[in-house]
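The values are calculated or read from the model by the stated rules, or taken from the named source; none is laboratory data. None of these values were measured; they are calculated from a predicted model. When we count neighbours, we look across all protein chains shown, and the Cβ atoms used for this are built from the backbone with ideal geometry, even at glycine. When the accessible area is computed, the model is the full protein with side chains, heavy atoms only, and any ligands, DNA or RNA have been set aside. Shrake-Rupley method; radii C 1.70, N 1.55, O 1.52, S 1.80 Å.
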Amino acid sequence: RHSKSPFIHTLFARQTQQALEYGLAEPAVDEFATALCAFFAEGGKGCNVTVPFKEQAFTLVDRLSPRAKRAGAVNTIKLTDDGVLLGDNTDGAGLVADLKAHGASLADSRILLLGAGGAARGALAPLLAEGPSELVIANRTQAKAEQLAAEFQDLGAIVAQTYEQLSGRFDLVINSTSASLQGDLPPLSPALIHGEIAIYDMMYGAADTPFIAWAKRHGARQTMDGLGMLVEQAAEAFTVWRGIRPGTKQVLRELKRNLGIL
């Protein structure tokens, strides 16, 4: 209901001269499969899937892209010319593109990823592909973090820890939890925050998210919210649907203006 995707994709379509209509749908949790089938039966060509439906979408498509298969979650679906529903995951690619746009260094860095849900799953393979020295997953439910670390250990140095176990110096902390949507904070020790650390919250808003505001209070100087990731993953999805890569910088500026951030 609050998604900015229609605004973003309308600008992408205008920029690339594509005829595209992008709308919103918010089915009840137990009605997602029905709503998805109805959308494509009524002529839909592609869609994005958001929280809490990404893992459910993974089970409903006919074919998975390699990155969706790896993530175990789907956020982009395309109806192919031969009538097959293709599931993809553009979240991780969008995150890495936005981090690089902010100048964040990922190679040989020590990264802390908070959360072990669908957003974290989508981010892990693209982050590990950048060659960090270590990626640590912390989650309130330790078993979920351990399961993710085991699933992705073939891609790089990845471990699961409890919030209480976290220690040492991290170069980048990524909050993939939805805590900011509820105004809450992950139970992270302020001692982990230092002046050179980069803080990324996948959530976004017109003002600082609670996590970013908390990190700033404890000395973090580089903070980023998920608005750029939203635009970058949307550009990736648009490319899946249309085979044309839209530019993101101007669209991000327009989105910030729309949200009253500029």
Using alpha-carbon coordinates, inclination of helix 227-242 to the longest axis of the chain, degrees: 30
Estimated dipole of the range 1-155 in Debye, rounded to 20 [Cβ of Lys and Arg +1, of Asp and Glu -1, Cα centre]: 300
Radius, Kirkwood style, for the range 67-179 when every pair of distinct Cα atoms is counted (Å): 14.5
Fully extended contour minus Cα-Cα distance, from residue 62 to residue 133, at 0.36 nm per residue: 21.9 nm
Pairs from 78/100; 4/256; 54/78; 4/78; 69/249; 45/100 whose Cα-Cα separation, in the structure shown, is over 22 Å: 78/100; 69/249; 45/100
Solution diffusion estimate, µm²/s, Stokes-Einstein, the range 1-138, Kirkwood Rh from C-alpha pairs, 25 °C, viscosity 0.890 mPa s: 150
Pairwise label distance in nanometres, residue 167 with residue 18, each label 7 Å out on the Cα-Cβ vector: 5.0
Spin-label model distance (nm) - residue 206 vs residue 1, 7 Å beyond Cα toward Cβ: 1.8
Two-site label geometry, residue 244 and residue 55: point separation in nm, points 7 Å out along Cα→Cβ: 3.8
Using a Förster distance of 45 Å, the FRET efficiency for residue 140-residue 105 (Cβ separation, nearest 0.05): 0.95
For the chain, with +1 on Lys and Arg beta carbons and -1 on Asp and Glu, the positive-most of 59, 92, 36 along the dipole: 92
Cα convex hull of the range 126-210, projected area averaged across orientations, nm²: 6.2
Estimated Rh, the range 177-262: Kirkwood, alpha-carbon pairs, angstrom: 14.3
Average accessible area per residue (Å²) across the chain - probe 1.4 Å, nucleic acids and ligands excluded: 47
Convex hull per residue volume in Å³, alpha carbons only, for the chain: 126
Charge dipole (debye, nearest 20) of the chain; +1 at Cβ of Lys and Arg, -1 at Cβ of Asp and Glu: 660
Share of carbon and sulfur in the accessible heavy-atom surface of the range 148-262 [1.4 Å probe, %]: 49
Structure-based [θ]222 nm, the chain - -39500 (n - 2.57) summed over DSSP H runs of at least 4, per residue, nearest 500: -12000 deg cm²/dmol
Calculated FRET efficiency for the pair residue 159/residue 182, C-beta based, R₀ 22 Å, to 0.05: 0.20
